[in-house]
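Accompanying notes for the structure given below.
The values are calculated or read from the model by the stated rules, or taken from the named source; none is laboratory data. Remember, predicted model here, so these are calculated numbers, not experimental data. Reconstructed Cβ throughout: ideal geometry from the backbone, glycine too, with neighbour counts over all protein chains shown.
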Amino acid sequence: MCLGVPLKVVEIRENNTALVDMGGPTLEISTIFTPEVKVGDYVLVHAGFSISILSEEEASDIFSALEEIEK
């Protein structure tokens, strides 16, 4: 099974890439599948690609579910 992780976009870069916040460190991801993404958006990231844009509520729900799995 593969999981996508919700992360917040903190910077849009050239060549269809963006920086996302990982709770401290940042990660450069490809936005080739979500070219309309903006700073402040939450994206679902899998294998270094943003695969969808999430609402803040959707991101929060996924964070909560992942926390439950860790217990």
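Annotations for the structure displayed:
- Unmet criterion (only one of (1) without any contact (Cβ under 8 Å) to a residue 24 or more places away in the chain; (2) surrounded by 10 or more Cβ atoms within 10 Å (Cβ to Cβ)) for Glu68: (2)
- For the condition free of Cβ contacts under 8 Å to residues at least 60 places away in the same chain and not in a loop (DSSP other than H, G, I, E, B), Val39 does not qualify.
- Glu36 being farther than 17 Å from Glu14 by Cβ and of a type in the set (D, E, K, R): no
- Of residues in the stretch 45-63 being within 13 Å of Leu27 (Cα to Cα) and touching a strand residue (DSSP E or B) at 6+ places or on another chain (Cβ under 6 Å), the one surrounded by the most Cβ atoms within 10 Å (Cβ to Cβ): Ser50
- Of all residues in the stretch 1-36, those satisfying the criterion of being modelled with pLDDT under 95, assigned to a loop (DSSP other than H, G, I, E, B) and either among the small types (Gly, Ala, Ser) or surrounded by 15 or more Cβ atoms within 10 Å (Cβ to Cβ) (or both) are Gly4, Gly23, Gly24.
- Residues of the stretch 38-60 that are of a type in the set (Val, Ile, Thr) and under 12 Å from Gly4 (Cα atoms): Val43, Val45, Ile51, Ile53.
- Test: residue in the stretch 45-63 that is without any contact (Cβ under 8 Å) to a residue 24 or more places away in the chain, part of a helix (DSSP H, G or I) and not acidic (Asp, Glu): yes
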